[in-house]
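Colleague: My structure is below; once you've seen it, I'll send some questions.
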Amino acid sequence: MSTSPIPTDGHVLAAVDGSPSTGAVVSLAAWAARRLGTPLELLHLPDDGGPTPLDASGSIGLGAQDALLQELVELDARRAQLAQARGRQLLEAAASSADNSGVEIITRQRHGRLRDALVEAEADTRLFVIGLRGTRGGGSGQDIGGQVEPVLRTVQRPVLLAQALPPERPITRVLIAFDGSETSHRAVERVAASPLLRGLECHLLLAGGDAAQQRGFEEMAGTLASAGFAPQLHRAGLPADDAIVAHVDSLGIDLLVMGAYGHSRLREWFLGSTTGQVLRRSPVPLLVLR
């Protein structure tokens, strides 16, 4: 089975926004950068949340209108300055928290949407790290940030999704969800080819189990074994989201790995209820592979 090229150079890029998941994003990104032996870039996109446009036509005199418009321009400029200053402080704090990671740290600000910024940075990036819940998550522990799905649909590099809090323990146990699809085959092959998870306790879960899925499952177990992993194999019935979350809990998993957006059941998972439920219910970070 052919796979798209696996990036072997470039840095880890972590998007930090000051949300409750920022600490987890920085912690996981520093961990990944150490494992991959790459620099860590911390990216912040200032959001100045500009004022509601003023329609003053016909309601006040031209002189007063011009004065108010000038005041709004000055206010916008001041908002932008404050947003930049807040971004610098946020990046400094994030870099300081990652200082003991032993990796080179780069900080950068840019304007625009997160998805566009990550696409622009893909050529120089090996792994993206973002939070599952953004600044507008509404405070619910199960709200998924509005930029997560657009990012997963668009970027081609692996994406590591951080929960709201940093992991309470080191990442030592990994569960790979497999459904026999081409997408999940590629996900396993990417894990096997990368040093990111090598040496960790590896579990491979088949959700479902017809003859073709079983053959692919055994083939992928062999792929992992050939790459130096010692995969422990698990089989479960459907529904898949229940099976995945149950195994994360029962096995003490620290990191869940899934494929994304192929022409497969995993595509339906992300477009429908299963992946949404996994994202909402999983208590551990999620590594999404294309």
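The values are calculated or read from the model by the stated rules, or taken from the named source; none is laboratory data. All of these numbers come straight from a predicted model, not from anything done at the bench. Note: ideal-geometry Cβ built from the backbone for every residue, glycine included; neighbour counts use all protein chains shown.
Colleague: Given G216, G252, G222, which one is not charged (D, E, K, R) and not in a helix (DSSP H, G or I)? Explain how you work it out, then say what you get.
Modeller: On the way: G216 fails: not in a helix (DSSP H, G or I); G222 fails: not in a helix (DSSP H, G or I).
Only one candidate passes the filter, namely G252.
Colleague: Same structure, new question: Return yes or no: is T223 surrounded by 21 or more Cβ atoms within 10 Å (Cβ to Cβ) and farther than 23 Å from P283 by Cα? Walk me through it before giving the result.
Modeller: On the way: surrounded by 21 or more Cβ atoms within 10 Å (Cβ to Cβ): no; farther than 23 Å from P283 by Cα: yes.
It is false that T223 is surrounded by 21 or more Cβ atoms within 10 Å (Cβ to Cβ) and farther than 23 Å from P283 by Cα.
Colleague: Quick one: which residue in L251, L206, L196 is more than 19 Å from the chain's Cα centre (by Cα), at pLDDT 95 or above and not assigned by TED's automatic domain parsing to the domain that holds A33?
Modeller: Working: L206 fails: at pLDDT 95 or above; L196 fails: more than 19 Å from the chain's Cα centre (by Cα).
Criteria check complete, one pass: L251.
Colleague: Could you tell me which of the residues R78, R86 is at pLDDT 80 or above, out of contact with any strand residue (DSSP E or B) (no Cβ under 6 Å at 6 or more places or on another chain) and assigned to a helix (DSSP H, G or I)?
Modeller: Sole residue among the options that is at pLDDT 80 or above, out of contact with any strand residue (DSSP E or B) (no Cβ under 6 Å at 6 or more places or on another chain) and assigned to a helix (DSSP H, G or I): R86.
Colleague: Another question, then. Is it true that I244 is under 20 Å from the mean Cα position of the chain (by Cα), buried (at least 16 other Cβ atoms within 10 Å of the Cβ), among the β-branched types (V, I, T) and in a strand (DSSP E or B)?
Modeller: Details: under 20 Å from the mean Cα position of the chain (by Cα): yes; buried (at least 16 other Cβ atoms within 10 Å of the Cβ): yes; among the β-branched types (V, I, T): yes; in a strand (DSSP E or B): no.
Considered against the rule, which asks whether it is under 20 Å from the mean Cα position of the chain (by Cα), buried (at least 16 other Cβ atoms within 10 Å of the Cβ), among the β-branched types (V, I, T) and in a strand (DSSP E or B), I244 comes out as no.
Colleague: Restricting segment 136-183 to residues that are in the same structural domain as R215 (by TED's automatic domain parsing) and among the β-branched types (V, I, T), which is modelled with the lowest pLDDT?
Modeller: Among those residues, the one meeting the criterion is T183.
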